Each structure stands twice: as structure tokens, then as C-alpha cells.
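> My structure is below; once you've seen it, I'll send some questions.
Throughout, read-outs are computed from the coordinates displayed, never taken from laboratory work. Computed from a predicted model, the values in this text were never measured in an experiment. Positions of Cβ are backbone-derived with ideal geometry, glycine not excepted, and every protein chain shown enters the neighbour counts.
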């Protein structure tokens, strides 16, 4: 009977130690989760999230389109300035002809 009592006491101590270790592990995991949640919150607030590949591709496409339109606008402006200059010179020539 004494042997059974001792075995039960030893098993109880062993289970208590295991429960304590598991509780410590859970505590550490909760701390890690809190740290990760905090980091995630900071990243979202700071907008430090970098774009994915499809977003980068889309940005490049838009950048190319903007550059192309900008060049077209410059060409149009240069043509307008040239046409304005040309018209001015034609008017000058016409005034001399009269």
C-alpha cells in the first residue's frame, strides 16, 4: 500500500512539473504573439508594407504610360510653339509685302 502511495505521489509530482512546463511554454508563446501583433500593428500604421510583384508591375506600367504622355505633351507644346512662331513670321512677311 505504501509503494502505491509513493508511486501516486511521484506521478503527481511529475504531472505537476509537466503542467508547469506547459504553462511556461504557453506564457512564452503568448508573449511572442503579443510581440508579433505589436510589430504587425506598427507595420500597418507606418505603411511599411512593401508592394507585391503584381503591384510593382502595375507601377512600372503606369510609370511608362506617364512618361509617354509627358513626352507627347512636350512634343505638342513644342509644335504649338513652333506653329505660333511660324504664324508670327508669316504675319511679319505679309506686313512687309503690303
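> For a quick check, take a GNM of the chain with Cα springs below 10 Å and name the residue from 37, 17, 45 with the largest mean-square fluctuation.
Its mean-square fluctuation being the largest, the pick is 17.
> Measure off 7 Å from each Cα along the Cα-to-Cβ vector at residue 55 and residue 84, then give the distance between these two points in nanometres to one decimal.
Distance between label points: 4.2 nm.
> I've got another one for you. So if the hydrodynamic radius of the chain is defined as the Kirkwood radius over C-alpha pairs, what does Stokes-Einstein give as its diffusion coefficient at 20 °C and 1.002 mPa s, in µm² per second?
97 µm²/s
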